[in-house]
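Novice: My structure is below; once you've seen it, I'll send some questions.
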Amino acid sequence: MPALAERKLMISSSGLVRAPVFAAGESGGGSGPVVAPPKILVVYYSFGGSTALLAGKIAALAKADLRELMPAVPYPQEEGKLSELAKEEGRAGILPVLATGAPDPAGYGVVLVGSPVWWFGLAGPVRSWLAASNFSGKAVALFVTHGGGGPSKCMADLRKYSGAAVVEPSVFSAVGDGSGGLGVLDDGRLVSWLKGIAASGGGQASPLGLWCPRGTASIRKSDWREPALEFRYAS
């Protein structure tokens with residue numbers, strides 16, 4: 001019987017958990033396929049700039065690809081007209097046409113979706129993209145910016161339009177400052193949200209199921225210990 005081989009799962013300086021990567025022919029439990037971290041996509045729509053700032057910070061922490069959604073017809077800049085249009089789109093379930101070049105989530109294992117909160121729900125371009133995309137086999141999580149009212153029914157919109165199995169801890173929300181920026185944002189809370197997504201794994205048994213998809217080698221919590229800034233796994 002071969003000697004136990006030790007694998008490392010590093011936590012980067014940002015605190016985000018990273019998966020063990022096994023060399024060709026190896027696996028975490030001796031029988032599964034080669035395990036590698038899934039690609040992560042951050043996709044967002046931003047009208048005033050606050051959601052774009054948050055999306056950029058999340059993408060940097062998660063080392064993810066960053067893609068912006070744009071409507072084919074720009075929204076009016078006048079606040080009253082924008083409010084009425086957003087209200088009507090939300091009330092009637094209107095899905096605005098997106099500009100060409102909208103991102104395709106195929107090839108990504110994790111999708112982090114960002115939106116401003118418009119009339120208690122997701123902005124129209126985000127709903128359009130969710131409805132047009134296939135999230136089968138993917139872990140999806142949501143982040144939003146708002147003016148102080150919280151995420152309201154945004155999570156319900158995400159489930160309705162995407163049909164995806166949403167991972168906990170559900171939605172991360174931040175308050176915009178009204179001028180395209182963000183209010184006080186606790187980086188530690190953001191990192192905890194990202195680590196929580198990795199730990200929940202979309203309801204899978206593995207405590208790091210999101211980084212170790214169903215069908216790969218099993219990783220049990222009892223297999224891990226935590227010295228300083230790294231985990232170690234003995235296979």
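Novice: Treat the count of other C-beta atoms within 10 Å as a stand-in for reagent exposure and order TYR45, TYR161 from fewest to most.
Specialist: Listing TYR45, TYR161 from fewest to most nearby Cβ atoms yields TYR161, TYR45.
Novice: Starting with the fewest neighbours, write out VAL73, VAL191 ranked by other beta-carbon atoms found within 10 Å of each beta-carbon.
Specialist: Listing VAL73, VAL191 from fewest to most nearby Cβ atoms yields VAL73, VAL191.
Novice: In whole Hz, with x marking every Gly and Pro, tabulate ³J(HN,Hα) for the stretch 45-57 from phi via Karplus 6.51 cos²θ - 1.76 cosθ + 1.60, θ = phi - 60°.
Specialist: 10, 9, 8, x, x, 5, 5, 5, 4, 5, 4, x, 5
Novice: Something else about it: What are the ³J(HN,Hα) couplings of the stretch 65-70, residue after residue, when phi is run through the Karplus curve with 6.51, -1.76, 1.60 and θ = phi - 60°? Round to Hz, x for glycine and proline.
Specialist: 6, 10, 9, 9, 8, 10
Novice: Also: Quick one: putting +1 on the C-beta of Lys and Arg, -1 on the C-beta of Asp and Glu, what dipole do you get for the stretch 39-151 around its Cα centre, in Debye to the nearest 20?
Specialist: 360
Novice: Also: Compute the separation of the alpha-carbon centres of the stretch 107-146 and the stretch 70-96 and state it in Å as a whole number.
Specialist: Cα centroid to Cα centroid, the span is 17 Å.
Novice: What are the ³J(HN,Hα) couplings of the stretch 179-196, residue after residue, when phi is run through the Karplus curve with 6.51, -1.76, 1.60 and θ = phi - 60°? Round to Hz, x for glycine and proline.
Specialist: Those phi angles translate into 9, x, x, 10, x, 4, 10, 7, 4, x, 5, 5, 5, 4, 4, 5, 5, x Hz.
Novice: Going toward the positive end of the dipole of the stretch 79-141, with +1 on Lys and Arg Cβ and -1 on Asp and Glu Cβ, which of GLY124, ASN134, GLY93 do you reach last?
Specialist: ASN134
Novice: Which far-off residues, 5 or more places away or on another chain, put their amide H under 5 Å from the one on GLY114, with H placed in the peptide plane?
Specialist: Excluding prolines and chain starts, which carry no amide H, the hits are VAL43, TYR44, TYR45, PHE143.
Novice: Sticking with this one: Show the residues, 5+ positions off or on another chain, whose built amide H is closer than 5 Å to the amide H of ASP177.
Specialist: Under 5 Å from the amide H of ASP177: LEU182, GLY183.
Every read-out reported here was derived from the displayed coordinates using simple, explicitly stated rules and does not represent laboratory data. No experiment lies behind these values; they were computed from the predicted model shown. Quick reminder, even Gly has a Cβ in these numbers, built from the backbone with ideal geometry, and neighbours come from all protein chains shown.
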